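As structure tokens, the structure follows; a few thoughts come after it.
All of the numbers you see were taken from the coordinates with simple rules; none came from a lab. Since this is a predicted model, take the numbers as computed values, not measurements. Cβ placement follows ideal geometry from the backbone for every residue including glycine, while neighbour counts extend to all protein chains displayed.
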């Protein structure tokens, strides 16, 4: 993934003009960079603060994250949730879960988070709650399936947020089956009469969807 999809100076300005994440999250960034492969999978400030802001505005009681990695986005969402809110996180990487849990245990918002190890598709089949807020940031080949499954479980007015929907700009000139899946997912969301959406060019693209 290229570091910048928009002008680097513009991206830099947006970053420094956004309020910083809490110190614990800054420490999590450093630990992820030092100890994990593919540290660029971490959401980062612009995505994280967007998630926190959306959660703070909507105050979800029941939230879901598909693809947690080391927990940066989970802690960002939990920060905006009410104290009695619950965020279920799906993750298949044991090392990432171990790191994330260490930081959850140190956070005042960590008690809101429950991590489930295993395939998100399996977790979704067993999920017995109506969702207020979902962040999708996992296997891109399954994005359309995740979106459709989550939408069925989302209350009217609930949010579904999909990350990496620009896919390093590959959605403009798709060359692979994976590129085509993301193009089709974005197309179907924009044409879905049951939702309204806005496609943001934040980092690698965020599609913010509100169920009608």
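Things to note:
- Potential lengthening between residue 188 and residue 30 on full extension [0.36 nm per residue; Cα-Cα distance subtracted]: 53.2 nm
- For the range 73-170, the spread of Cα positions along the three principal axes, ordered from largest to smallest, is 36, 31, 27 Å.
- Residue list for the range 187-212, given a label point 7 angstrom along the Cα-to-Cβ vector of residue 46 and an amide N cut-off under 12 Å: 200-206
- Each of the peptides 135-141, 198-204 was scored by the mean count of other Cβ atoms within 10 Å over its residues; in descending order, highest first, they stand as 135-141, 198-204.
- Taking 7 Å steps out from each Cα toward its Cβ at residue 101 and residue 155 produces label points 3.0 nm apart.
- Computing FRET efficiency as 1/(1 + (r/R0)^6) for residue 198 and residue 139, where r is the C-beta to C-beta distance and R0 is 25 Å, gives about 0.55.
- With the simple model of a label 7 Å out from the Cα in the direction of the Cβ, residue 11 to residue 59 spans 3.7 nm.
- Cα gyration tensor shape of the range 8-211, rounded if a/c is under 1.5, else prolate or oblate by comparing a/b with b/c: rounded
- In this rough spin-label picture, where each label sits 7 Å from Cα along the Cβ direction, the residue 92-residue 121 distance is 0.9 nm.
- For the chain, calculated [θ]222 nm from helices alone, where every DSSP H run of n ≥ 4 adds -39500 (n - 2.57): -13000 deg cm²/dmol
- Subtracting the Cα-Cα distance of residue 177 and residue 18 from 0.36 nm times their residue separation leaves 53.7 nm of extension gain.
- Cβ-to-Cβ counts within 10 Å put 73, 176 in ascending order as 176, 73, the fewest first.
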